[in-house]
Structure formats: structure tokens, C-alpha cells
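Undergrad: Sending over a structure as C-alpha cells; questions will come in a sec.
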Amino acid sequence: SDRSAPERARDLGRRAVAFHDEWFEDPGFVLQILKRVLEIEPGAEWAFERLSLLLTMAERWDDLLSAYDVAIAECEDREKKKTLLDEAARIAKDFAGSTDRAISYLKQLVPLRPEDAQLAGSLERRLVLQKRYRDLIDVWSARLSVLSPQEVLSTRTRMAETWLEKLGDAATALDVVRQILEAGGG
């Protein structure tokens, strides 16, 4: 055949899903088919949407987040990745009750949306509550490129203080102070 393996898998997958929908009530078969289609063709949006719908209806939050993990890892489109990370963070927080997982998705989202001060502020509060100071520094670092010179100065100062006071790492704190001095205005 002149069609690629992913094209054939996509078409066969669609037909298999339609067949099982019509003849069987157990969604387990459909879930297996959809997972296999996504293994062969990770960009098959129809399969991901259907899989996420079935897993949501079954309230299988860990399986749903695992599907999101794969989709996020495979996604090369920046805007689509932002959407996937947003959705996954909301599911992790609101349905799966997994703050750690929600934080992980939000932390991946900050470098894709460094200008989003509300996202950064919300994530900062969660990280401070959990005493996750290295992650907090990562969030601050990801936003430096979109801050004003005065905000960069105050953010680097907070970074140096956090390295010294919260993480007990004087050498890294000193490196940050050097960066402040080299940038001027410090």
C-alpha cells in the first residue's frame, strides 16, 4: 500500500473503535485500541480526545494524567503544549487531588508563558507553602527575560536570599550576587 503505517493505524483504529462502540458495551476494548493508536501515532488528536473522554467518565484520573504525560512529551506545537499543560494541571489539582503533579505541570508551563504573572504568582505561593525553594528559583529564573530591569534586580536579590537562607548554599548565593553586580545597577 502507498499509505504510511501511522495512516493505516489511524484508519484501522477508527474503524475498530466504531465497531466496538456499536457491538460491545465494555469500554475496555476501546481504551486498549485508543492507547495502541496513540503509541503508533502520538499526534492522533481524535484518539487522545476520545481516550481522555472515556477516562474522565470512568474517573480514572491517574490513567488520564498518564495519557496527558505522553501527549505533553510528544507535543512539539508550543500552543498545543500550553493547552495540554493547563488541562493536566487543572485535572491534577481539581480531580486527582495531586498537588505535586499540578505543580509539575505548572512549572513546565511557566517557561512557555513567562509573561503570565498570575500563573507565576499562583505557582510561587504553592511552592513556598511546600518549601520547594529550588523549584521556586527555577520559576523566577524562567521569568527573568520578561521582567523590567528593576524587577530583574529584585528577583535576583530574592534568588540570592533564598539560596543563602532557605537552601544554605552560600556559594550559589554569591554567584547570583556577582550576576547582580555585573549587570549594573545592583
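The values are calculated or read from the model by the stated rules, or taken from the named source; none is laboratory data. Note that the structure is a prediction, hence the values are computed from the model and not measured. Cβ: placed from backbone, ideal geometry, glycine included. Neighbour counts: every protein chain shown. Only protein heavy atoms, including side chains, enter the accessible area calculation; ligands, DNA and RNA are left aside. Shrake-Rupley method; radii C 1.70, N 1.55, O 1.52, S 1.80 Å.
Undergrad: Provide a single number: the residues in segment 80-108 that are open to solvent by 60 Å² or more (accessible area, probe 1.4 Å) and among the aliphatic types (A, V, I, L, M).
TA: Of the residues in segment 80-108, 0 are open to solvent by 60 Å² or more (accessible area, probe 1.4 Å) and among the aliphatic types (A, V, I, L, M).
Undergrad: Filter segment 60-71 down to the residues that are surrounded by fewer than 19 Cβ atoms within 10 Å (Cβ to Cβ) and of a type in the set (A, V, I, L, M) and list them by number. Walk me through it before giving the result.
TA: Narrowing segment 60-71 to residues surrounded by fewer than 19 Cβ atoms within 10 Å (Cβ to Cβ): 60-63, 66, 69-70.
Selection gives V70 alone.
Undergrad: Give the residues of segment 118-135 that are touching a residue at least 24 places away in the same chain (Cβ under 8 Å) and either of a type in the set (G, A, S) or closer than 21 Å to A88 by Cβ (or both), sorted by residue number. It would help to see each step written out before you state the result.
TA: First pass over segment 118-135, keeping only residues touching a residue at least 24 places away in the same chain (Cβ under 8 Å): 126-127, 130-135.
Within segment 118-135, R126, L127, Q130, R132, D135 qualify.
Undergrad: Shifting gears a bit: Only residues that are hydroxyl-bearing (S, T, Y), under 13 Å from the mean Cα position of the chain (by Cα) and closer than 18 Å to V30 by Cβ: list them for segment 42-101, please.
TA: Within segment 42-101, just S66 meets the criteria.
Undergrad: Now, a different point. Tell me, yes or no, whether segment 164-180 has at least one residue that is surrounded by 16 or more Cβ atoms within 10 Å (Cβ to Cβ) and either closer than 21 Å to L106 by Cα or out of contact with any helix residue (DSSP H, G or I) (no Cβ under 6 Å at 6 or more places or on another chain) (or both).
TA: No, segment 164-180 contains no residue that is surrounded by 16 or more Cβ atoms within 10 Å (Cβ to Cβ) and either closer than 21 Å to L106 by Cα or out of contact with any helix residue (DSSP H, G or I) (no Cβ under 6 Å at 6 or more places or on another chain) (or both).
Undergrad: Let me ask you something else. Name the single residue, out of those in segment 109-138 being in a loop (DSSP other than H, G, I, E, B) and more than 19 Å from E151 (Cα to Cα), that is most open to solvent (accessible area, probe 1.4 Å). Spell out how you get there, then give the answer.
TA: Step one: filter segment 109-138 for residues in a loop (DSSP other than H, G, I, E, B), giving 113-116, 130-132.
Pick out the ones that are also more than 19 Å from E151 (Cα to Cα) and you get 130-132.
On the way: Q130: 71, K131: 141, R132: 61 Å².
Selected residue: K131.
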